[in-house]
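Taken together, the values in this text are just the output of simple stated rules run on the coordinates, not laboratory data. Please read these numbers as outputs of a predicted model, since none were measured by experiment. Glycine gets a Cβ as well: all are built from the backbone with ideal geometry, and neighbour counts include every protein chain shown.
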Amino acid sequence: MTRRKQIAPRVPDSFPGPGVPSSSAMLRGYTPADFAALYELDQACFPPGIAYSKRMLRLFLAQPGAVCVVAESGGAIAGFLLAESEARHGHIVTLDVAAGHRRRGIGSALLEEAERRLAARGVREVEIETGTENDAGVAFWRGHGYGTLGVLSGYYLGRHDAFAMRKRLTP
C-alpha cells in the first residue's frame with residue numbers, strides 16, 4: 001500500500017460509463033455516494049495517523065485532476081485507487097483493497113484502469129510512495145513496472161521510511 005503527499009483540492013474523475021470487470025469485481029468511477037465506504041476502507045487498510053481523515057480524503061477526491069477507480073463485488077466496495085494528475089505527471093494517493101478481497105487481482109485491475117485513465121489525460125509518468133518495510137507492497141509496485149527513485153526518510157509519521165517509486169506510461 002502507498003501513502004501520501006499533501007496537495008491542494010481537486011474534483012473526482014468523471015467516468016460514469018459501464019463498469020470494467022476484473023477477476024472478481026466490477027470497476028467503475030467514484031460517485032459521492034461511495035465516500036463513507038471509501039473512508040471506512042481506508043481506515044481498515046492503514047493505521048491511525050497514516051489513514052486519511054475524512055477532510056483529507058474529501059480534499060483529494062475534490063481535486064480537478066483526481067482519478068478514483070472503485071472495485072465493487074457483491075454490491076459492496078472491495079477496493080479503490082485514488083490518484084491525481086497535473087499535466088504529464090500523476091501521483092497515486094492510495095490503493096486500498098479490503099482484506100477479504102486481496103490476492104484476487106483487484107489491486108492490479110484497479111492500477112491498470114487508473115493508469116489507462118491517467119494516460120488518456122496525457123500523463124506520462126506516475127509516482128507512488130510505499131513503506132520500505134512493506135515487502136508485499138514493494139513487490140506489487142515493482143511487479144507493475146515501478147522503479148525505485150530513492151528513500152524518503154521518516155515519510156510515515158516521522159518514523160518510518162518510504163520508497164519513492166516511478167513508472168513511465170506508454171501513450
So what is the 222 nm mean residue ellipticity for the chain from helices alone, if each DSSP H run of at least 4 adds -39500 (n - 2.57) and you divide by all residues, rounding to the nearest 500 deg cm²/dmol? -7500 deg cm²/dmol
Taking +1 at the Cβ of each Lys and Arg and -1 at the Cβ of each Asp and Glu, which of 144, 162, 122 sits farthest along the dipole of the chain towards its positive end, judged by Cα position relative to the Cα centre? 122
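What is the Cα convex hull volume of the chain when expressed per residue in Å³? Please list the in-between numbers first.
Working: hull volume 18.4 nm³, N = 171.
Dividing the Cα hull volume of the chain by its residue count gives 108 Å³.
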Once Lys and Arg are counted +1 and Asp and Glu -1 for all other residues with Cβ under 13 Å from that of residue 87, the total becomes 0
Among the helices of the chain (complete DSSP H runs), which have Cα atoms covering no less than 20 Å along the helix axis and a Kyte-Doolittle mean of at least -0.5? 106-120
